[in-house]
Amino acid sequence: MVKVATWNVNSVKARLPIILDWLRDFAPDVVLLQEIKCTDDSFPRLEIEELGYNLETHGQKTYNGVAIASKSTIEDVVKGLPGDANDEQARYIEATVFGNLRVASIYLPNGNPIDSEKFPYKLKWMDRLRKHTEACLSADQSYVFAGDYNIIQNDDDVYDATKFAHDALTHPESRGRFRSIVFMGLTDAFRALNNATHQYSYWDYKAGSWQKDNGLLIDHILLSPVAADRLVCSGIDRNPRGKERPSDHTPVWCELTTEAPDHPV
């Protein structure tokens, strides 16, 4: 089995003790990190490498930043989402792990407030992601597109849908673009095996959101058809969110069989 997790850590340096404890206890084979909030040369590589992980990072000072940690070698790395050479925000990294598994760590723009330049940027970024995903799927390979998508797919994925009715995370244009990506043939690893409503991956630091379980499900693992055939189980690990000084997100994970199953001719 290959256990793959995605986690917006909201500063890898600030959360390092929690991250290291989680890596020891949960022992994922591949971890896709978002919002590392540091440059490549200031990433705490040594501490994570000592736990048996190889690392590739696409960092940015203070903001954004994504990374891949894998117990296997990491090959054929792509840093940055194709489609806009002028986009300097570090929100996408992609690589091959465990020989035949292609993984991408995604930090999709939030887009708020809607009446600012941030919302058009979000939509254009999603258009680029759709185009790139389409190209990836043409390869008929095991792909995992995982990360903080900043998309609430359905009203049951938020504690109070009315409070988010005019938010970029639920805006019809945001949801429409997300669904256009999924409808190319991707499988939501968590929702494929977990039907219960009000399952969350994010809780704001404010107003006792964690204690009240006022959360959002905005971290998603999307699998290509070949990868979906390998899906065994999936879930959300709430434990890190309950630690002292945690990220406001918690890991979402899935397990895949090591090799793609044989298909009858």
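Each value in this text was obtained by applying a stated rule to the coordinates, not by laboratory testing. The structure presented is a predicted model; accordingly, all values stated were derived computationally and were not measured. Glycine gets a Cβ as well: all are built from the backbone with ideal geometry, and neighbour counts include every protein chain shown.
Some observations on this one:
- Residue list for segment 60-76, restricted to those being on the phi < 0 side of the Ramachandran plot and buried (at least 22 other Cβ atoms within 10 Å of the Cβ): V66, A67, I68, A69, S70
- Candidate set: segment 110-132, residues that are in contact with a Phe, Trp or Tyr (Cβ under 8 Å, 6 or more places away or on another chain) and surrounded by fewer than 22 Cβ atoms within 10 Å (Cβ to Cβ); chosen: the one farthest from L55 (Cα to Cα): P113
- Filter result for E244 (in a strand (DSSP E or B), acidic (D, E) and either loosely packed, with under 12 Cβ neighbours inside 10 Å or over 14 Å from the mean Cα position of the chain (by Cα) (or both)): no
- Entry remark, segment 1-16: residues being in contact with a helix residue (DSSP H, G or I) (Cβ under 9 Å, 6 or more places away or on another chain) and more than 8 Å from E35 (Cα to Cα) number 7 in total.
- Residue in segment 82-103 that is more than 20 Å from L23 (Cβ to Cβ), touching a strand residue (DSSP E or B) at 6+ places or on another chain (Cβ under 6 Å) and among the basic types (K, R) present: yes
- Checklist (1) surrounded by 14 or more Cβ atoms within 10 Å (Cβ to Cβ); (2) more than 18 Å from the chain's Cα centre (by Cα) applied to T6, failing item: (2)
- In the condition set (1) outside any helix (DSSP H, G or I); (2) within 28 Å of D87 (Cβ to Cβ), I48 is compliant with all but (1).
- Among the conditions (1) part of a helix (DSSP H, G or I); (2) over 17 Å from the mean Cα position of the chain (by Cα); (3) surrounded by 14 or more Cβ atoms within 10 Å (Cβ to Cβ), F178 misses just one, which is (2).
- Among the residues listed as L32, L55, the single one being more than 14 Å from the chain's Cα centre (by Cα) and either under 25 Å from T258 (Cα atoms) or outside any loop (DSSP other than H, G, I, E, B) (or both): L55
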